[in-house]
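The values are calculated or read from the model by the stated rules, or taken from the named source; none is laboratory data. Everything numeric here is computed off the predicted structure, so don't read it as measured data. Cβ atoms come from the backbone with ideal geometry, glycine included; neighbour counts cover every protein chain shown.
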There are 2 protein chains.
Amino acid sequence: MAQRRVRARRGDGLLLREEILAAAESLLTETGSEDALTVRAVAARAGVSTPSVYLHFSDKDALLEAVCLRAWDDLARLFQTNAHGDPFRALGRCGRAYARFALAHPVQYRVLLMRTAPRDGVPPAAAACFGHMVDVVRRCVESGVLRGDPERLALTLWSSVHGCVSLLLAQPSFPWPEDVDGLIDQAVIVAGFGSAMLSRVRGPVPDSAELAGELDALGRRLGEG
Amino acid sequence: MAQRRVRARRGDGLLLREEILAAAESLLTETGSEDALTVRAVAARAGVSTPSVYLHFSDKDALLEAVCLRAWDDLARLFQTNAHGDPFRALGRCGRAYARFALAHPVQYRVLLMRTAPRDGVPPAAAACFGHMVDVVRRCVESGVLRGDPERLALTLWSSVHGCVSLLLAQPSFPWPEDVDGLIDQAVIVAGFGSAMLSRVRGPVPDSAELAGELDALGRRLGEG
DNA sequence: AGGCTCAGGTTGACATCGTTAACCTAACGG
DNA sequence: CCGTTAGGTTAACGATGTCAACCTGAGCCT
């Protein structure tokens, strides 16, 4: 226990809630692991007895979710500042921004999007991520570069960039290439190109030779233009 | 404790190891959650005292990893049976098979690929997944439909399908579309199309109008052919 | 001033967990 | 038949999430 906290005045009960959240957040970022967030450690850092935590959070998971959600304001800002300009390029910027956000808040991202969420109700973190993706995808659909249901398209793009960052977070000892940024770029662009292309290729998947031939031609034209 | 196990004969010490693994596996699949796998529960189901588990596994995580790895034989078989024929179409089949594998072994997949792996050494599960992807991608590169470093391409394709299934596993209460299979198909094809396209489009990302025009033309030709 | 109330905590305990140290015992070689 | 040792067991420790019961002091009322 760092310092025995002075008792709050009447009506200031919510003060403790904020102090607990701050203590928990510092614990998370300092240790880099959610395992370090024990109720006792948080209470001690807040200068308060252990059961006091339960005055403001129904259980440990509620505390963990609340503290991890604090990072999600950053994500909204990131999407907002990257959504302008050409829709397809904005999509790329937002995807990269999403990845940067995840890697900048690894614990929070793991806790909220890589663990099994409770069965009841959509977790707000997931809803926010998906919502932001839908917004930027919708502009691509309106501009004509993407076609189809924006929500469906957003799901694929979201899962694509999520896959990249979640593997990076979960497998730190994997022999990743030097330029992680380049890998993320690749994941984002591949998802964008693929989505744009899929909505225009009807029928069965073309075979290798046919696809190679058509894409060679496309590459020449886009390279020249 | 179900039934007090009869002591193994001399030299049959490894018998217990197998029985512990079987008990742990049944616990995992019955409960569907790795939290149910406590050392005590496993020992009880194996008909043995709790510390006996430590005769064969250094700690709980070692046991958990060992039991989850048992599913990975299935994955090797799946890639093997889907790798034949046209390379690009085989890539699609393997991607779908990978997703089916993950959804068929949700606990094992979560434990081995969605939790933070230890810092020392590449986990065998991740190495196997990546290795299989590289194999099938290499054939695509040899046939010319994909271009570039097979390992790099495999990383993107792996992360793409991993993203889809890991979101499905982690967010069961998300309003997923009815046809999960269709969503997986989409993720796989988008990754394949995008990868094939990216290696042919040099220079900066085209803007929305340019991309839309070229892809419209491509769609018409592939649709007719 | 002085007492009452109840928001805002604390003390102490319980069950369960992973893990270890110390001990036991039955199967085999001689 | 006896000693060794592989193959276990018993008992315990410390940490954890959580709860029931208790305390206490700030603010209102008379």
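Of all residues in the range A:30-60, which are more than 14 Å from DNA strand C (Cβ to nearest atom) and among the β-branched types (Val, Ile, Thr)?
A:Thr31
Condition (residue is surrounded by fewer than 16 Cβ atoms within 10 Å (Cβ to Cβ) and within 7 Å of chain A (Cβ to nearest Cβ)) applied to the range B:162-172: is it met by at least one residue?
The answer is yes; a qualifying residue exists.
Looking at the range A:3-29 only, could you name the residues that are near DNA strand C (Cβ under 8 Å from one of its atoms), without any contact (Cβ under 8 Å) to a residue 12 or more places away in the chain and surrounded by 11 or more Cβ atoms within 10 Å (Cβ to Cβ)?
Hits for the range A:3-29 are A:Ala8, A:Leu15.
Could you please let me know if A:Leu75 is within 15 Å of the chain's Cα centre (by Cα) and not aromatic (Phe, Trp, Tyr)? I'd like the intermediate steps shown before the answer.
Working: within 15 Å of the chain's Cα centre (by Cα): yes; not aromatic (Phe, Trp, Tyr): yes.
Yes.
For A:Glu151, which of the numbered conditions (1) assigned to a helix (DSSP H, G or I); (2) closer than 25 Å to B:Leu155 by Cβ fails to hold?
(2)
Go through the range A:173-191 and give me each residue that's within 7 Å of chain B (Cβ to nearest Cβ) and in a helix (DSSP H, G or I).
Result: A:Leu183, A:Gln186, A:Ala187, A:Ile189, A:Val190, A:Ala191.
Check every one of the helices (runs of 4 or more DSSP H) wholly within the range B:43-120 and list those with 3 or more residues that are within 16 Å of DNA strand D (Cβ to nearest atom). Before you say what the answer is, go through the steps one by one.
Details: elements: B:60-69, B:72-82, B:87-104, B:106-109.
Output list reads B:60-69.
Quick check on my filter: what residues within the range B:116-146 are facing chain A (nearest Cβ under 10 Å), basic (Lys, Arg) and surrounded by fewer than 18 Cβ atoms within 10 Å (Cβ to Cβ)?
Matches in the range B:116-146: B:Arg119 only.
Given the conditions (1) at pLDDT 95 or above; (2) at the interface with chain B (Cβ under 7 Å from one of its Cβ atoms), and given that A:Ala154 satisfies all but one, which numbered condition is not satisfied?
Unmet for A:Ala154, out of (1) at pLDDT 95 or above; (2) at the interface with chain B (Cβ under 7 Å from one of its Cβ atoms): (2).
I need the full set of residues from the range B:198-210 which are assigned to a helix (DSSP H, G or I) and surrounded by fewer than 24 Cβ atoms within 10 Å (Cβ to Cβ), in order please. Give the derivation first.
Taking the range B:198-210 first, the residues assigned to a helix (DSSP H, G or I) are B:198, B:208-210.
Of everything in the range B:198-210, those that are assigned to a helix (DSSP H, G or I) and surrounded by fewer than 24 Cβ atoms within 10 Å (Cβ to Cβ) turn out to be B:Ser208, B:Ala209, B:Glu210.
Given the conditions (1) over 30 Å from A:Ala128 (Cβ atoms); (2) facing chain B (nearest Cβ under 7 Å); (3) out of contact with any Pro (no Cβ under 9 Å at 6 or more places or on another chain), and given that A:Gly194 satisfies all but one, which numbered condition is not satisfied?
(1)
Condition test on B:Thr81, is it among the β-branched types (Val, Ile, Thr), loosely packed, with under 15 Cβ neighbours inside 10 Å, in the same structural domain as B:Ser160 (by TED's automatic domain parsing) and modelled with pLDDT of 95 or more?
Numbers: among the β-branched types (Val, Ile, Thr): yes; loosely packed, with under 15 Cβ neighbours inside 10 Å: yes; in the same structural domain as B:Ser160 (by TED's automatic domain parsing): yes; modelled with pLDDT of 95 or more: yes.
Yes; evaluated as a whole, the condition is true for this residue.
For the list (1) surrounded by fewer than 24 Cβ atoms within 10 Å (Cβ to Cβ); (2) without any contact (Cβ under 8 Å) to a residue 24 or more places away in the chain; (3) within 7 Å of chain A (Cβ to nearest Cβ), I need the number of the one condition that B:Ser159 fails.
It fails just one condition, (1).
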